[in-house]
Amino acid sequence: MTATIDKPVKGSAKKQKHFDSLNPATGDLIETHPISTDADVAAAVERARDASAWWQAIGFDGRKEYLLAWRALLAKRLSELADLVHREGGKPHADALLEAGLAIDHISWAAKNAKKVLGRSRVNSGLLMTNQMAYVEYKPLGVVGVIGPWNYPVFTPMGSIAYSLAAGNTVVFKPSEYTPTVGKFLVDTFQEVTHGRSALELVTGMGETGAALATSGVNKGAFTGSTATGKKVMAACAETLTPVVIEAGGKDSMIIDRDADLGEAADAALWCAMSNAGQTCIGTERVYVHEEVFDTFMTELLTRARQLRPGYEDGGAYGPATMPSQLKIIKSHIDDAIARGGNVVLGGADAVGDRYVQPTIITDVPEDSIAVTEETFGPTLVVNRVSSMDEAVRLTNATKYGLAGSVFGGKNALDIASKVRSGMTSVNSVITFAAIPALPFGGVGDSGIGRIHGADGLREFTYPKALVKQFMPPVISLTSFSRTKKSEQLFAQLIKSLHGGVSGLLKR
Ligand code: NDP
C-alpha cells in the first residue's frame, strides 16, 4: 500500500515532491521517496546515456564481471532483500526469498550467455556468395527505460534490467509506486558494484513518472503491468517510434486430463492460484478438469484449500492485497460468478475484507462471466468441467489473453500443452518455465509483445547487425556496371540449376 496523502492530485497545480511507501499489512512507513519530475527523468536518462560509452566499451567480458559481482552481492544480502520485499509488498518471507533467488539466477544466466548469443557469429553465405564471409552480431540499443510492477518487484523487472545490461544497454528503472524501496535497493547495490557509475539509474514516482520515462527519448521501453497501461505506454512510445516490450496480464488456465495425478494437480492449482494473494500474472485463474475426474479433483483441492489462511506473520499462506484498489475488482468477479449461477465451494461473497481476501473457489461458472474472461489478480479459482481435452483447449484459448498456463496429464499432456495459445505452458508443474533462464518469457494477444529471459530476451534489447566481408573475387561479377552479357547468362544458368528443379506440387 502506498500513502496517497502525499500523492499529486490530478489537475492540481501544487504537486507534492515526495511519497511514502507503506507496509500493506501494517500501514507502517517503509521509506519516503522523491516523485521524479520530467526534468529528473530526463537527467537520469542523460546520465545513463553518458554511462553507455563506458558500459559498451568494456564488452561482454567486462559486463559479465560486473553483473556477476552484482549477483554475488545480492546473494550475500538475500535475506535482507527478501525481508524488504516482504515488508513493502506484503508477501510471506519465503515467497520473497524464492522470487529474489530466481532473479539472481537470471542475472547469472544473462551475464554468462550474452557473448555466446549476441556476439559475432558466422552464417552460411550461400552458393551465390561463396566469396563472402557473412556474420551477424547483436548491438545494444542504448538506454532502456524499465517500468516495473509491484507484484514481483525483484523478479519481474530483473527480466528486463539484467538482460538489457548484459546486452550492453544502460537502464533507467522506474519501480511501481507500491515497491519503490525494493527498486532502490536493486539500483543501489548495482551502483555499489560499479562504484557509482550510472549504468543503472533509478527514478521514482507514480504513473506520471512512468509516462515521462516512456517519452524521454529512451531507445526502448520495457513495461510490466496491466494491459490498459501497457497500451498507453505503447501509444506514448509510438510518437518517437520507440520500440517497447510489454509484459501484461493473463487469464491462465490449468487443464487436467483424466490420467493426471490429481493430488499433484490440486496442490499445484491451489498454490499457483493463491500464492502471493493471487497477484501473479502467470497465476492459475481457471481450471478445466475432465468430467470423469472432476469430483475426485475437487475433493483433493478442497482438502488442501480449507487449510489455507492468509496473514502477514509466520504461517500466513499469503499476504494482503498489495494494491487496495484491487479488492473491488476481486469482489466484482466473485459477485458476477455467483450471480450467473456459479457454485461457491469455498470463500465467496464475504471473502473480500479490508486488506485480505479469503481463498475462494467457485465451480461451474459460465464462460462469459468476468470471473472467466478478465484478470482477477486475487486468491480465487474458477473450476469448470469439460468433456474432452479438445474442449479444454478451446475454452482455454477463448480469451483475449495468452500468457501462460499448465497441463496435468499423462501421455497426451505435451501435445495438449502445445495447442494452448500462450507464450509458456508447463506440463505436470506450474510456472517452472519462469525459473529456467534459457526459456523465453512473454505472451501473445492482450498479454503483451516481445520476450524477456533466454536468448530471445537478450536479443529483445538489441538490433541485429549484418556484416559481410569479401575474401576473394567473385566468380561472376554482378555488382558492377562493367558486368558482361556472359556473366548475366552464367547467373541465369546458375539460378536455373540451383532452383529450377520441378517440385512435387507442380508435377501433380
Ligand atoms: P499498472 O499497469 O497501472 O502499473 C504498472 C507500472 O506502470 C507501474 O510502475 C506504474 O506506476 C506504471 N504506470 C502507470 N501509469 C503509467 C503511464 N501512464 N505510463 C507509464 N507508466 C505507468 O498496474 P497497476 O499497478 O495499477 O495494477 C493494475 C492491474 O494490472 C492489476 O490489477 C493487475 O491486473 C495488472 N498487473 C499485472 C502485472 C503483471 O505482472 N503482468 C503486474 C501488475 C499489475 P505506479 O505504480 O507508480 O502507478
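The values are calculated or read from the model by the stated rules, or taken from the named source; none is laboratory data. Computed from a predicted structure; not experimentally measured. As a convention, Cβ positions derive from the backbone with ideal geometry for all residues, glycine included, and neighbour counts pool all protein chains shown. Surface areas here come from the heavy atoms of the whole protein model, side chains and all, with no ligands, DNA or RNA. Shrake-Rupley method; radii C 1.70, N 1.55, O 1.52, S 1.80 Å.
All of (1) in contact with an Asp or Glu (Cβ under 8 Å, 6 or more places away or on another chain); (2) polar (S, T, N, Q); (3) within 25 Å of Pro175 (Cα to Cα) hold for Ser121 with one exception: (3). I'd like to verify a number: residues in region 306-325 that are within 16 Å of the ligand (Cβ to nearest atom) and surrounded by 19 or more Cβ atoms within 10 Å (Cβ to Cβ), how many? Total satisfying the criteria: 6.
Listed here are the strands (runs of 3 or more DSSP E) enclosed by region 338-439 that have at least 3 residues being surrounded by 21 or more Cβ atoms within 10 Å (Cβ to Cβ) and not hydroxyl-bearing (Ser, Thr, Tyr): 380-386. When Lys91, Lys76, Lys64, Lys115 are checked against the criterion of being within 30 Å of Leu241 (Cβ to Cβ) and either out of contact with any Cys (no Cβ under 9 Å at 6 or more places or on another chain) or in contact (Cβ under 8 Å) with a residue 40 or more places away in the chain (or both), a single residue qualifies: Lys115.
Of all residues in region 194-218, those satisfying the criterion of being outside any loop (DSSP other than H, G, I, E, B), near the ligand (Cβ under 10 Å from one of its atoms) and within 17 Å of Pro153 (Cβ to Cβ) are Gly207, Thr209, Gly210, Leu213.
Considering Pro149, Pro157, the condition of being in a loop (DSSP other than H, G, I, E, B) and surrounded by 22 or more Cβ atoms within 10 Å (Cβ to Cβ) is satisfied by Pro149 alone. Only one entry in Val187, Val193 is free of Cβ contacts under 8 Å to residues at least 24 places away in the same chain, surrounded by fewer than 24 Cβ atoms within 10 Å (Cβ to Cβ), farther than 22 Å from Ala435 by Cβ and β-branched (Val, Ile, Thr), namely Val187. Taken over region 219-275, the criterion of being among the β-branched types (Val, Ile, Thr), within 13 Å of the ligand (Cβ to nearest atom) and not in a loop (DSSP other than H, G, I, E, B) is satisfied by Thr224, Thr227, Thr229, Val233, Val244, Val245, Ile246. Within region 134-159, residues that are within 18 Å of Ala110 (Cβ to Cβ) and not assigned by TED's automatic domain parsing to the domain that holds Asp83 have Cβ atoms under 8 Å from residues that are acidic (Asp, Glu) and near the ligand (Cβ under 7 Å from one of its atoms) in no pair, counting only partners at least 6 apart in sequence or on another chain. The requirement of being part of a helix (DSSP H, G or I) and open to solvent by less than 70 Å² (accessible area, probe 1.4 Å) is fulfilled nowhere in region 461-482; no residue meets it. Screening Arg63 against (1) more than 29 Å from Leu467 (Cα to Cα); (2) among the charged types (D, E, K, R); (3) buried (at least 16 other Cβ atoms within 10 Å of the Cβ) leaves a single unmet condition, (1).
Could you list, in sequence order, all residues of region 328-366 that are over 12 Å from Thr380 (Cβ atoms) and either under 26 Å from the mean Cα position of the chain (by Cα) or among the charged types (D, E, K, R) (or both)? Correct list: Lys328, Arg340, Asp350, Asp354, Arg355, Tyr356, Asp364.
Against the list (1) touching a residue at least 24 places away in the same chain (Cβ under 8 Å); (2) out of contact with any Ser or Thr (no Cβ under 8 Å at 6 or more places or on another chain), the condition Ile452 fails is (2). In region 117-137, is there at least one residue being open to solvent by 50 Å² or more (accessible area, probe 1.4 Å), modelled with pLDDT under 95, touching a helix residue (DSSP H, G or I) at 6+ places or on another chain (Cβ under 8 Å) and part of a helix (DSSP H, G or I)? Yes: region 117-137 contains one or more residues that are open to solvent by 50 Å² or more (accessible area, probe 1.4 Å), modelled with pLDDT under 95, touching a helix residue (DSSP H, G or I) at 6+ places or on another chain (Cβ under 8 Å) and part of a helix (DSSP H, G or I).
Contact map, region 163-177: first residue within 16 Å of the ligand (Cβ to nearest atom), second residue of a type in the set (S, T, N, Q) and part of a strand (DSSP E or B), Cβ cut-off under 7 Å, separation 6 or more or different chains; pairs are Glu177/Thr2. The single residue among Gly402, Gly410 that is under 30 Å from Pro140 (Cα atoms) and touching a residue at least 24 places away in the same chain (Cβ under 8 Å) turns out to be Gly402.
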